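The block underneath contains the structure these notes are about, expressed in structure tokens.
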Amino acid sequence: MPILSFGSRNINLITGKKTMTIRKLWKKPLKVGDRLHCYWNLVSKERNKIFEAEVTDVEVLHFTDLIKNDVLAQEEGFKDAKELAKEFKKMYLDEIKDDTLFQVIRFKKLPIEEWEGEKIDEKAMITQRADILFDSGKYQKSEMCYTAALKFDPQDVYILNKKGDNLTRLGRFEEALKCYNKALEIEPENEYILNNKAITLLNSGDPDKALKCSDKAVKINPKNAVILYWRGFILEMLGKTYEALDAYEKVLKIDSNNPEVWNARGNLLNDLGQTEKALESYDKALELVLKEEPNATAWNRKGNALLELGRFEEALNCYEEALSLDNKNEIIWTNKGVVLMELSRFQEAVDSFNKALLINPQNDDAKVLRDECLENL
């Protein structure tokens, strides 16, 4: 019973587009008609059977011929034969010579009722693979898998929703909306899908429609913190500052340990000129973030609030904390330069602006402020 193991590079196995693989010739070579048992990552924790197949053709080639064949290399999932050669040498260490034999195996996937071994839930297997790829940010591949899973059950609301989320991240908003609309035909009261649809509408540049969709989600569940958070964000984009602030306040009554909401609240309060209250929000966000891991953005926001209040030494300390965590951030270097100007420490300010300009020579703010500092030296 020949067993083949595949990795994520071979995701086209799921879609059925890949029906070939290249392996070093075994002691007992494969022949037409042999049954293959195919797995993902055979030796890892992710080991999963994906299908059984029947060999339809076997071609044996020397390595020296294989690494000249771009077509075969691309069919195997590589950019070209050069990349195949490089990866195969890593895979097989020093065991490959020019006359080493490889078998090009072509196969056809068998219907599950014809399998001789353990049967699997193909839809569940493909969906699990899609979720893994999605969580690791491989959206092109995960979208292919969600599409393949939907062939088993086009009415699966979970998969429709996940595919919609996936397509949104790829910027394919119209396709994403079709997925959400189909899911909502099946479950019209699903608040999470309505919220995801609202996010997609917002990302596609239609905040008014996004708000109407959010209205429906909130009506179904007015205490869903995730929906209220996104509602606040949509209202911000529409310039409805006080309504957005109200949405964030409602979130914090439900979940007071979300640093992103505290930051969002702080930004709005800052815009409204309520700097002391904004600082309280930034402090809370920073406290929550630092419980998990240091965060340059949180320190920078707190510094900005202190700068607004004229508490320059404290603001400087915040920017220095931020830069200790992210010294490649031009915005923080610029902010540090600004507070040093306020403290009349012009040479140090010039140094900060120069560091910002080293990171981004097109930073016009840093250029203008540096020149102003030089006039004061």
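Computed from the coordinates by the stated procedures, all read-outs in this text should not be read as laboratory data. On a predicted model such as this, the values are computed, not experimentally measured, just so you know. Counting neighbours? That spans all protein chains shown, and the Cβs are built from the backbone with ideal geometry, glycine included.
Some points to look at:
- Taking amide H positions as modeled 1.01 Å from N, with prolines and chain starts lacking one, the residues under 5 Å from T100 and 5 or more places away or on another chain are F63, T64.
- Mean Cα-pair separation over length for the chain, i.e. relative contact order, pairs under 8 Å, 6 or more apart, %: 7 percent
- With 5 Å bins from 0: P(r) over the range 260-348, alpha-carbon pairs, percent: 3, 17, 26, 23, 20, 8, 3, 0
- For K18, distant residues with modelled amide H under 5 Å away: L13
- For the range 111-231, alpha-carbon Rg relative to the globular expectation (2.2 N^0.38 Å, N residues): 1.17
- Separation of alpha-carbon centers, the range 164-186 and the range 219-261, rounded to whole Å: 23 Å
- The 3J(HN,Hα) values that the Karplus relation (6.51, -1.76, 1.60; θ = phi - 60°) gives for the range 66-74 are, in residue order, 4, 7, 9, 9, 5, 4, 5, 4, 5 Hz. Gly and Pro appear as x.
- Semi-axis lengths, Å, the chain, gyration tensor of Cα atoms, sqrt of 5 times eigenvalues: 53, 32, 16
- The modelled label-to-label distance between E175 and E314, using points 7 Å beyond Cα along the C-beta direction, is 5.0 nm.
- Positive-end extreme of charge dipole, the range 246-325 - chosen from L252, A298, W262 (charges on Cβ): L252
- Net charge contributed by nearby residues that have their C-beta within less than 15 Å of W333 (K/R +1, D/E -1): -2
- Relative to the Cα centre, the charge distribution of the chain, modelled as +1 at Lys and Arg Cβ and -1 at Asp and Glu Cβ, gives a dipole magnitude of about 1420 debye.
- Residue-span extension gain [Q140 to N203] - 0.36 nm each, minus C-alpha spacing: 20.8 nm
- In terms of distances greater than 29 angstrom between alpha carbons, the cross-link table entries K90/K138; K141/K284; K17/K123 yield K141/K284.
- Think of each Lys and Arg Cβ as +1 and each Asp and Glu Cβ as -1; about the Cα centre, that makes the dipole of the range 7-143 roughly 260 debye.
- Cα gyration tensor shape of the range 174-229, rounded if a/c is under 1.5, else prolate or oblate by comparing a/b with b/c: oblate
- Sites S324 and D271 - FRET efficiency at Förster radius 22 Å, r taken between beta-carbons, to 0.05: 0.20
- Amide hydrogen neighbours beyond the local backbone of L36, cut-off 5 Å, H modeled: A53, E54, V55
- Separation of the M20 and D65 label points, Cα + 7 Å toward Cβ, nm: 1.4 nm
- The orientation-averaged shadow of the Cα convex hull for the range 119-162, equal to a quarter of the hull surface, comes to 2.8 nm².
- For the cross-link pairs K28/K89; K68/K119; K162/K277, the ones whose C-alpha atoms lie over 28 Å apart are K68/K119; K162/K277.
- Stokes-Einstein diffusion for the range 29-128 at 37 °C, viscosity 0.692 mPa s, with a Kirkwood radius from C-alpha pairs, works out to 212 µm²/s.
- The range 239-299 - Kirkwood radius from inverse mean 1/r over Cα pairs (Å): 11.5 Å
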